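First comes the structure, then the notes that go with it.
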Amino acid sequence: MSMKTTMAPAVRAPLAVLVVLVIYIAPLAFGASELMEHLPKLLEGGSAREWSHSIGLSLALAALAYLLIQAVLALRLSVLDRILSHNLVMIHHRRVAVLAVILATLHPLCMFLFERVTKTGIHLADEWPLLVGAMALTTLWFTAAVALYRKFLELPFHTWWLGHRLGVSTLIVLVGVHKIFVTGEYTEAGDLAGTIAIVLFFLGVLAYNEIVKPARLSRRTYTVSEVTSPGAETHEIVLDPPSGTSLDHAPGQFAFLTFRSARLPREEHPFTIASSPQDDGRLRFTIRCSGDFTSGLGQLLPGDSCLVDGPYGLFTSKAHDPDGARPLVLIAGGVGITPMLSMLRAMHADADKAQDGRRVLCIWSNRTAGDVVHREEFAAFVRDMPHLRLVHVLTRAQKPDGEDLPGEVRYGRIDTELVSELAGPMLKKGDASAPPLAYICGPAPMMAAMRQALKDAGMAGRDIHTEEFSI
């Protein structure tokens, strides 16, 4: 696999540490520079009010820098994805948002901590920049809170995404106006230019995401060729690439899809690429019906077009074991099997790899046998890959349900005892220089439990990789 999709672990690890340090430390250093500029004067006998005022300005600059970092993280830069993975970038995106909110909230508290209240009301002619600042802070609170608690609020994705973009755009304008006029920057050409540059940067990010990127993706539009149902409440969408092109992806990665169909809303959603890289450029997506949008995918027709933004993610053995020498433990919950399906299809398509000594344990949990998708294909995997051990775990079924499934069948839930029984022998027999790699995909509680179960069985945490399967 080329460097377009993965990066050597020895290179990625130190870069990941550096990027994380920049994300969290650089804004604080930027804010501290304001305090350091006035520190000599403050140490000579600055009053409590002056100290508080300087700290407040530093907090504001740090908060602004974190917002700049937010904008960069939202760009879906491929280099950041190859270093951290898009999933981890979004985790940092949420954490940085919280830091920005905290520092922005402390800013006015410090600025007015030692100010005496000698009047009531606001005189708009003189103090309207303060009102704009209050509006900016309120917008930041609201935008961040709704983003963090969208699932709790049960907001549809498209409703939240539209509101989030409007909120961010409003915040950019309010922060710019507040910063220029509350400090009198409009009289200082240098300071004014700096603030305008920051606002233009934010607006540029928005323009790139809303205009430039869609236009670029439109130049290589994919076409829907097949829409099938490989299992209960599941759709498989097959996309044909534009002539002469293909998406260079590794097994287990995902892409953002925007279908251009009169029967579906034009929304962008992430889905795992279930096809193998050897599939002649065609992309397959196995998607469980889990909401209004995914339930409507069955209305797609051959000939409908689709924009594909990807690939993204490091949930692939190519990122952690480029040579394919280490055994694999794959644990999936429901449709979380899709990245593993891509991995198995890739190994099955490579005749040499399919017959080598690389052991693969795949534990797949479903409610009943009726929820198992691609039965015939998994039967081919078991038949043609002698070193694959496929274990179905049915949580809401009893014998004889599932006895006709390819591989082994267990009943109940995946627990620590079962994982230890199945994965334990691989951990004991594996060569010390090439321990197994584990990939877990499914509901968050299940992934956390399986990660702990594997660690209890003796697997190192650095060898266990998870991917949240949600929008």
For every other residue with a beta carbon closer than 12 angstrom to the beta carbon of Gly56, add +1 if it is Lys or Arg and -1 if Asp or Glu, then tell me the sum. -2
Can you tell me the length gained on complete extension of the stretch Phe114 to Val79, counting 0.36 nm per residue apart and subtracting the Cα distance? 8.0 nm
In region 321-468, lysine pairs 8 or more places apart or on different chains with C-alpha atoms under 27 Å apart total 4
Taking 0.36 nm per residue of separation and subtracting the Cα-Cα distance, what length does fully extending Val227 through Glu408 add? 62.2 nm
Give me a comma-separated list of calculated 3J(HN,Hα) values for region 257-272, in order, Karplus coefficients 6.51, -1.76, 1.60 applied at θ = phi - 60°, integers in Hz, x for any Gly or Pro. 10, 10, 7, 9, 9, 5, 9, 9, x, 7, 10, 9, 9, x, 9, 6
Computed FRET value (nearest 0.05) for Trp161 with Ala134, which takes r as the C-beta separation and R₀ as 25 Å: 0.45
With Cβ to Cβ distances under 10 Å as the rule, what net charge do the other residues near Cys441 carry (K, R +1; D, E -1)? -2
Around Ile237, with a cut-off of 15 angstrom between Cβ atoms, what is the net charge of the other residues, counting Lys and Arg +1 and Asp and Glu -1? -3
Check His465: other-chain or 5+ apart residues with amide H under 5 Å from its amide H, H built from backbone geometry? Ala438, Tyr439, Ile440
Once R0 is set to 30 Å, what does the formula 1/(1 + (r/R0)^6) return for the Cβ-Cβ distance between Glu468 and Asp401, expressed as a FRET efficiency to the nearest 0.05? 0.55
Extended-chain gain in nm, criterion 0.36 nm per residue less alpha-carbon gap, Leu39 and Leu15: 5.3 nm
For Leu328, list long-range residues whose amide hydrogen, built 1.01 Å from N in the peptide plane, is under 5 Å from its own amide hydrogen. Arg359, Val360, Leu361, Leu437
Can you compute the modelled spin-label distance between Ala215 and Thr245, with each label point 7 Å from Cα toward Cβ, in nm? 1.6
Rounded to the nearest 10 degrees, what's the angle between the helix 375-384 long axis and the longest principal axis of the chain, both from Cα atoms, 0 to 90? 70
Of the listed values (1) 1.02; (2) 1.05; (3) 1.07, identify the label whose number matches Rg/Rh (Cα atoms, Kirkwood Rh) calculated from this model. (2)
How far apart, in nm, are the 7 Å Cα→Cβ label points at Ala26 and Asp280? 4.5
Helix 86-111 vs. the chain, principal-axis angle (Cα, 0 to 90°, nearest 10): 20
Angle in degrees between helix 416-429 and the longest Cα principal axis of the chain, rounded to the nearest 10: 80
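Throughout, read-outs are computed from the coordinates displayed, never taken from laboratory work. Only a predicted model underlies this, so the values are computations on that prediction, with no experimental measurement involved. Cβ: placed from backbone, ideal geometry, glycine included. Neighbour counts: every protein chain shown.
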